[in-house]
1. Are any residues in region 145-162 assigned to a helix (DSSP H, G or I) and charged (D, E, K, R), and if so, which ones?
2. Does region 137-152 contain any residue that is touching a residue at least 12 places away in the same chain (Cβ under 8 Å), small (Gly, Ala, Ser), assigned by TED's automatic domain parsing to the domain that holds residue 105 and surrounded by fewer than 16 Cβ atoms within 10 Å (Cβ to Cβ)?
3. Taking region 173-204 as the search range and keeping residues that are under 15 Å from residue 223 (Cα atoms) and over 27 Å from the mean Cα position of the chain (by Cα), which one is surrounded by the fewest Cβ atoms within 10 Å (Cβ to Cβ)?
4. From 244, 181, 200, 164, grab the single residue that is farther than 30 Å from residue 114 by Cβ and not acidic (Asp, Glu).
5. Given the criterion assigned to a helix (DSSP H, G or I), closer than 18 Å to residue 129 by Cβ and not assigned by TED's automatic domain parsing to the domain that holds residue 123, identify the matching residue among 220, 199, 173, 165.
6. Quick test for you: out of 153, 146, 207, 120, pick the one residue that is small (Gly, Ala, Ser) and over 25 Å from the mean Cα position of the chain (by Cα).
7. Mind checking whether some residue in region 103-115 is surrounded by 14 or more Cβ atoms within 10 Å (Cβ to Cβ), closer than 20 Å to residue 79 by Cα, outside the structural domain of residue 79 (by TED's automatic domain parsing) and free of Cβ contacts under 8 Å to residues at least 40 places away in the same chain?
8. If residue 193 satisfies every condition in (1) closer than 28 Å to residue 164 by Cβ; (2) modelled with pLDDT under 95; (3) in a helix (DSSP H, G or I) but one, which is the exception?
Amino acid sequence: MAYLKLRGARKAKKRKEEETKNPAEQDAFQQQGKRLVDEVMSHPYFILGSVAVILAVVFLGMFISSQVKASSDKKAASYAEAIEVFDSETGENSKFKTEAEKYDKAIALFNDVIKEQSGSINEVSALLYIGKAYYAKKDCDKAVESFKKVRSSGRLEENLLFGAYEGEAYCHYDKGDYEKAVSVWKEWLDRTTPIYKDYALYYIGLSLEKMGKSEEALTYYKRIRDEYPASRSVIDKIIDKIPAEKIELPKKPDVQG
């Protein structure tokens, strides 16, 4: 115990001696270090080196920015070219003589977009256009395949996503598979988005009519009338399908003379 106390005392004494060193020596050391730093920073080579480093960082940033912009511009141009082909006219005086030729070229260009821009919105949008192109070519099997990929991607805003539901439902409807068409439209009705619900109700009713279920179809047409009265373009299509409902007025009470 005495040894431990003694050793602790010696350590304390040593620390005290270190703390009481000459302050002048410490100031001199600090001044010398400061003077050395000032000399280094004021040296021409240091200044030139610093400027060179700054310029290198600036030019590197500009180079990277230009490369990113060039890549972005190239991707945008590829997508725009595919859209232009998809929307182009056909005929003797046009670049594409037939619709099939035009859509084949558009599909090839959109497939290039998918390969080069994987994971982007353009990739999903390209899939949507490929589905539309196949639908225009009356190749519903391949069209449905593309539309399903778009629906499962979860990367399109509702306005564009509706195109995939619509396209797939049209394919089933055109093939006479009305039950599948109704199923797709009902999936859209189940989504939380408020847009295009009137169209979904209309096409469900239309498909049910094709299946010979006129009474069931009528319930969907009435929903359009009751829930979407401002949807004039759709209501105009179904107004003749809804029979005029008789309204029984209350009888007047007999007046006793």
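1. If the condition is that a residue be assigned to a helix (DSSP H, G or I) and charged (D, E, K, R), then 145, 148, 149, 151, 158 are the ones that fit.
2. Scanning region 137-152, I find no residue that is touching a residue at least 12 places away in the same chain (Cβ under 8 Å), small (Gly, Ala, Ser), assigned by TED's automatic domain parsing to the domain that holds residue 105 and surrounded by fewer than 16 Cβ atoms within 10 Å (Cβ to Cβ), so the answer is no.
3. Once the filter is applied, the top-ranked residue is 202.
4. Values: 181 fails: farther than 30 Å from residue 114 by Cβ; 200 fails: farther than 30 Å from residue 114 by Cβ; 164 fails: farther than 30 Å from residue 114 by Cβ.
Result: 244 is the single residue among 244, 181, 200, 164 that is farther than 30 Å from residue 114 by Cβ and not acidic (Asp, Glu).
5. Values: 220 fails: closer than 18 Å to residue 129 by Cβ; 199 fails: closer than 18 Å to residue 129 by Cβ; 173 fails: closer than 18 Å to residue 129 by Cβ.
Only one candidate qualifies: 165.
6. The match here is 207.
7. There is no residue in region 103-115 that is surrounded by 14 or more Cβ atoms within 10 Å (Cβ to Cβ), closer than 20 Å to residue 79 by Cα, outside the structural domain of residue 79 (by TED's automatic domain parsing) and free of Cβ contacts under 8 Å to residues at least 40 places away in the same chain.
8. Every listed condition holds for residue 193 apart from (3).
The values are calculated or read from the model by the stated rules, or taken from the named source; none is laboratory data. Because the structure is a prediction, the values reported are computed rather than measured. With ideal geometry, Cβ positions are generated from the backbone for all residues, glycine too; neighbour counts draw on all protein chains shown.
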